[in-house]
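Below is one structure, written out as structure tokens; the observations come after it.
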Amino acid sequence: MAILNKFGQEVGADVEGWTTRAFPEKVVLKGNYCRLEPLDREKHGPELFNTYGKAGEKLWTYLPVGPFNNLEEYLEFINELNETKDTVPFAIINEETKRAVGTLCLIRIDQASGSLEVGYVVFSPELQKTIIATEAQFLLMKYVFDDLQYRRYEWKCDSLNGPSSRAAMRLGFKHEGTFRQVVVYKGRTRDTQWFSIIDKEWVDIRKTFEQWLDERYSMVFNNRQRMGRHSQNF
């Protein structure tokens with residue numbers, strides 16, 4: 001049913017009781033397979049630089065930064081992330097090995113509207129296509145929607161980055177469209193695909209995540225019990 005103002009114009013629904021949302025904090029988010037920690041130059045930088053090196057330069061093709069020629073360049077990039085006003089970066093820690101294996105960042109944080117984006121998603125080869133990769137995304141979403149009560153969670157990528165687009169859809173994001181020639185980066189033009197999850201969709205998406213993760217946790221636990229040792233394959 002359309003909502004009309006006093007001039008007979010159609011308008012959006014009121015957001016009752018809305019208040020500006022808190023800025024995300026540098027918190028630790030714990031799961032069964034991984035935890036997210038505030039990204040730290042000295043603690044995580046060398047491990048991340050080394051594990052990213054195993055993927056080669058192709059890891060950075062669709063990112064606005066990298067590849068990094070040496071450790072100092074990468075450490076300086078971590079400094080820049082931590083000093084950027086609307087960015088909160090996290091390191092992804094493998095709970096079994098206790099090593100940093102990737103990063104996620106909250107960026108473009110709009111407290112007044114309750115909207116933000118997940119960006120600088122950089123997964124090392126040992127993190128890609130694992131349960132840890134999925135759980136890390138879930139932990140950050142859960143923090144944004146359940147703890148901070150934001151309304152909108154965005155994902156953007158180069159329209160030519162098929163793996164990123166497929167990952168967004170797999171994780172429950174809805175495709176909103178393509179912004180044409182919106183960016184020039186690394187000397188190339190970029191059309192950008194936009195995806196989002198909004199708060200009213202989160203309840204069902206959270207249940208799907210929880211069920212999927214619980215099933216795999218039970219499988220891993222039972223396998224370890226049966227084998228009598230720790231499995232290395234998440």
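What follows is calculated from the coordinates using simple rules that are stated; it is not laboratory data. Please read all numbers here as calculations on a predicted model, not as lab measurements. Note that each Cβ is placed from the backbone with ideal geometry, even for glycine, and that neighbours are counted across all protein chains shown.
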I'm checking my understanding of the structure. Among residues of region 162-178 that are surrounded by fewer than 18 Cβ atoms within 10 Å (Cβ to Cβ) and in contact with a helix residue (DSSP H, G or I) (Cβ under 9 Å, 6 or more places away or on another chain), which one is farthest from W212 (Cα to Cα)?
H175
Test each condition in (1) among the aromatic types (F, W, Y); (2) part of a loop (DSSP other than H, G, I, E, B); (3) over 17 Å from the mean Cα position of the chain (by Cα) for Y62 and report the one that comes out false.
(3)
Exactly one condition in (1) surrounded by 18 or more Cβ atoms within 10 Å (Cβ to Cβ); (2) over 25 Å from Q149 (Cα atoms); (3) in contact with a Pro (Cβ under 6 Å, 6 or more places away or on another chain) is not met by W60; state its number.
(1)
For region 123-145, give me the residue count where each residue is surrounded by fewer than 21 Cβ atoms within 10 Å (Cβ to Cβ), touching a residue at least 12 places away in the same chain (Cβ under 8 Å) and charged (D, E, K, R).
2
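Quick grid of which residues meet (1) basic (K, R); (2) within 20 Å of Y153 (Cβ to Cβ); (3) within 21 Å of the chain's Cα centre (by Cα):
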residue: G12; (1), (2), (3): no, yes, no
residue: P24; (1), (2), (3): no, yes, yes
residue: L39; (1), (2), (3): no, yes, yes
residue: E76; (1), (2), (3): no, no, no
residue: R108; (1), (2), (3): yes, yes, yes
Can you confirm whether region 15-29 contains a residue that is small (G, A, S), free of Cβ contacts under 8 Å to residues at least 12 places away in the same chain and closer than 20 Å to V121 by Cα?
no
Would you list the strands (runs of 3 or more DSSP E) that sit entirely within region 122-219 and hold 2 or more residues that are in contact with a His (Cβ under 9 Å, 6 or more places away or on another chain)?
188-198
Please find, within region 65-87, the residue that is surrounded by the most Cβ atoms within 10 Å (Cβ to Cβ) out of those that are part of a loop (DSSP other than H, G, I, E, B) and hydroxyl-bearing (S, T, Y).
T87
